[in-house]
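Student: First the structure, then my questions, so here it is.
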Amino acid sequence: MSKNERRRNRIAVHLHVHPHSTVLALLYPVNLTYDVFDGKGDSTPLVFLHGLFGSKSNFHSIAKSLVQRTGRKVLTIDARNHGTSPHNPVLTYEAMTGDLKHLLTKLHIEKCVLIGHSMGGKVAMATALTQPDLVERLVVVDISPAQTTTRTNFRFYINAMQSVTVSSELPRSTARRMAEDQLRKQVKEHSVRQFLLTNLVESNGQYSWRVNLAAISSHLDDIMSFPSLGTTYDGPTLFLGGASSAYISSEDYPEIERLFPSADIQYIPDASHWIHADKPLDFISSIISFLQS
């Protein structure tokens, strides 16, 4: 059997999801990796959850600034199948919420301010709706509790990443350039290519993607939707959208107001879906104003 055949077989194994896998995922949460930025104050900690293809490092500079300006402890977390957190064939919001609850319990965090971007925003919403006592305040960044399939190109990104082949034993800069050249055919936006390339990692001379593309691909419909949880969250909530993004539209307002009666909806001018990268100072100011309100 060739190396490619063995690799395809490994991927096929990952794609086989047992019918009771979500139940098992809730029983056996993944131990998420995280970074802590310690503040001197004793206010509730801020917990950042990244989006699809992202990692905890996406919020490092934001976290450092918020520690300086608020004195609060800040955590940035890698979701399952992302960053340096373990891989698992299940990637549902029920499973990701279970992982987060498991981590916060392990860290003895009884209450926090949850700040989630995109997929992480949906994890934050699901956590607030199912574990309201855990969430003092909620910030949802450029996502809504609506179906988002029609607003995304993520299927193209997955296909593009799966088609990339990088020779082994290359210098990292050369490998990255080779991967970008291949991504360029399907991913036209330079900023998106650079974001996806943060997932290119090297181990023993071999290059691979650190995200679990098989799990993301098989669960993309789950990720693009939002579970019906039958509850509401009445705590202070900020929906923060990018004015140049379509992810929070006026069509979403009724559902936002139904699930989050105390929600305030704001937009940051000239910001795309990646608000924290486009307008970091405005993003930080919006969060600080919300914390003080």
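Student: Would you check if there is a residue in region 203-212 being within 20 Å of the chain's Cα centre (by Cα), aromatic (Phe, Trp, Tyr) and assigned to a helix (DSSP H, G or I)?
Tutor: No, every residue in region 203-212 fails to be within 20 Å of the chain's Cα centre (by Cα), aromatic (Phe, Trp, Tyr) and assigned to a helix (DSSP H, G or I).
Student: Give the residue that is surrounded by the fewest Cβ atoms within 10 Å (Cβ to Cβ), with candidates limited to residues of region 30-58 that are touching a residue at least 40 places away in the same chain (Cβ under 8 Å) and aromatic (Phe, Trp, Tyr).
Tutor: Residue satisfying both the conditions and the ranking: 34.
Student: I would also like to ask the following. Which one of 159, 153 is under 17 Å from residue 213 (Cβ atoms), surrounded by 11 or more Cβ atoms within 10 Å (Cβ to Cβ) and either modelled with pLDDT under 90 or among the hydroxyl-bearing types (Ser, Thr, Tyr) (or both)?
Tutor: The unique qualifying residue is 153.
Student: Next up: Evaluate the following for residue 215: is it on the phi < 0 side of the Ramachandran plot, touching a strand residue (DSSP E or B) at 6+ places or on another chain (Cβ under 6 Å) and outside any loop (DSSP other than H, G, I, E, B)?
Tutor: no
Student: Something else about it: Which count do you get for residues in region 220-233 that are closer than 13 Å to residue 127 by Cα and either in a helix (DSSP H, G or I) or charged (D, E, K, R) (or both)?
Tutor: 0
Student: Inspect all residues belonging to region 143-151 and state whether any of them is of a type outside the set (D, E, K, R) and part of a helix (DSSP H, G or I).
Tutor: yes
The values are calculated or read from the model by the stated rules, or taken from the named source; none is laboratory data. None of these values were measured; they are calculated from a predicted model. Every residue, glycine among them, receives a Cβ derived from its backbone with ideal geometry; neighbour counts consider all protein chains shown.
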